Amino acid sequence: MTLQNGTLFAKRYRIKETSIQPGGTGYVYRVHDEHLDRIVALKVVHAELARQETVRQQFLAEARLLA
């Protein structure tokens with residue numbers, strides 16, 4: 001899934017830059033967090049990989065580490 005500039009994702013993240021880093025597991029976007037009023041990175045995992053439990057666990061571990 002690729003998101004276009006200006007799109008509001010998950011009722012929170014406004015896409016500012018489309019796919020700043022395509023990767024093997026998904027896409028990373030530069031977005032504006034509408035709730036916190038700041039620019040953040042948003043990583044979206046490919047749908048077919050998101051169905052795999054090991055990939056989901058790795059994704060959550062990465063998110064916790066970066067948070």
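Computed quantities for the displayed model
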| item | result |
| --- | --- |
| Exclusive hit being without any contact (Cβ under 8 Å) to a residue 60 or more places away in the chain and open to solvent by less than 90 Å² (accessible area, probe 1.4 Å), set LEU66, LEU60 | LEU60 |
| Filter result (in contact with a strand residue (DSSP E or B) (Cβ under 6 Å, 6 or more places away or on another chain) and within 29 Å of THR54 (Cα to Cα)) within the range 8-18 | LEU8, TYR13, ARG14, ILE15, GLU17 |
| In the range 19-30, the residues that are more than 24 Å from GLU53 (Cβ to Cβ) and either in contact (Cβ under 8 Å) with a residue 40 or more places away in the chain or loosely packed, with under 15 Cβ neighbours inside 10 Å (or both) | ILE20, GLN21 |
| Complete set of residues in the range 1-14 that are farther than 18 Å from ALA67 by Cβ and either without any contact (Cβ under 8 Å) to a residue 24 or more places away in the chain or exposed (fewer than 14 other Cβ atoms within 10 Å of the Cβ) (or both) | MET1, THR2, GLN4, ASN5, GLY6, THR7, LEU8, LYS11, ARG14 |
| Those residues of the range 38-52 which are open to solvent by 40 Å² or more (accessible area, probe 1.4 Å) and β-branched (Val, Ile, Thr), in sequence order | ILE39 |
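The values are calculated or read from the model by the stated rules, or taken from the named source; none is laboratory data. Quick caveat, the model's predicted, so the values are computed rather than measured. Heads up, the Cβs are rebuilt from the backbone with ideal geometry, glycines too, and the neighbour counts pull from every protein chain shown. All accessible areas refer to the heavy atoms of the entire protein, side chains included, with ligands and DNA or RNA removed. Shrake-Rupley method; radii C 1.70, N 1.55, O 1.52, S 1.80 Å.
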